[in-house]
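> Structure in structure tokens, see below.
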Amino acid sequence: MSTYRLDLAYDGTGFHGWAKQPAVRTIQGELESALRRRLGDVETVVAGRTDAGVHARGQVGSFTAEKDIQTERLAQSLNKTLAPEIVVWACRKVPEGFSARFSALHRSYRYRLLSRP
């Protein structure tokens, strides 16, 4: 098995957050559906889950696959399949044991709130 890292961005306006949930649209659900069409069942892990309506510019995800993947082709293929609100910037093979969640060295959040009288 090989481990792969995905660098992605998304506009979360029309989504119920990152984590897949039954009967609602989520980023993880869309991504895993696109990956499933190419690789079979794949479960993704992410550096930090986002809530409903939240966007991400530099989200990092990871997954393991039984076969070697041409990473550049996979990223291009995913971008053709995914909703336009989700973009995979890069896909690359990483060392065994890498986890987007547990290998993260830094997380940064920016909150922008509209404040009007």
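Read-outs: derived from the displayed coordinates by stated rules, not from any lab. Here the structure is a predicted model, which is why all the values come from computation and not from measurement. Cβ atoms come from the backbone with ideal geometry, glycine included; neighbour counts cover every protein chain shown.
> Taking the chain as the region of interest, what is the percent of Cα-Cα pairs per 10 angstrom bin, listed from the shortest bin to the one with the maximum distance?
Taking every Cα pair in the chain, the percentages come to 13, 48, 30, 6, 2, 0.
> Helix 27-39 sits at what angle to the longest principal axis of the chain, using alpha carbons and giving 0 to 90 degrees rounded to 10?
That works out to roughly 20 degrees.
> On a 0 to 90 degree scale, rounded to 10, what angle separates helix 71-81 from the longest Cα axis of the chain?
Tilt relative to the chain: about 50 degrees.
> Could you compute the net charge surrounding residue 45? Neighbours are other residues with a C-beta less than 13 Å from the C-beta of residue 45; K and R count +1, D and E count -1.
Net charge in that neighbourhood comes out at +2.
> Sticking with this one: Only four residue types carry charge here, +1 at the Cβ of Lys and Arg and -1 at the Cβ of Asp and Glu. Report the dipole size of the chain about the Cα centre in Debye, rounded to the nearest 20.
Using Cβ point charges on Lys, Arg, Asp and Glu, the chain gives about 320 debye.
> Which aspartates and glutamates have a Cα less than 18 Å from the Cα of residue 80, not counting those fewer than 8 places away in the same chain?
Partners found: 7, 11, 30, 32, 72.
> Can you tell me what the convex hull of the Cα atoms of the stretch 55-104 projects to on average, as an area in nm²?
With the hull built on Cα positions only, its mean projection is 4.1 nm².
> A further question on this structure: For residue 3, what charge total do you get from the other residues with a beta carbon under 13 Å from its beta carbon, if Lys and Arg give +1 and Asp and Glu give -1?
Summing Lys and Arg as +1 and Asp and Glu as -1 gives +1.
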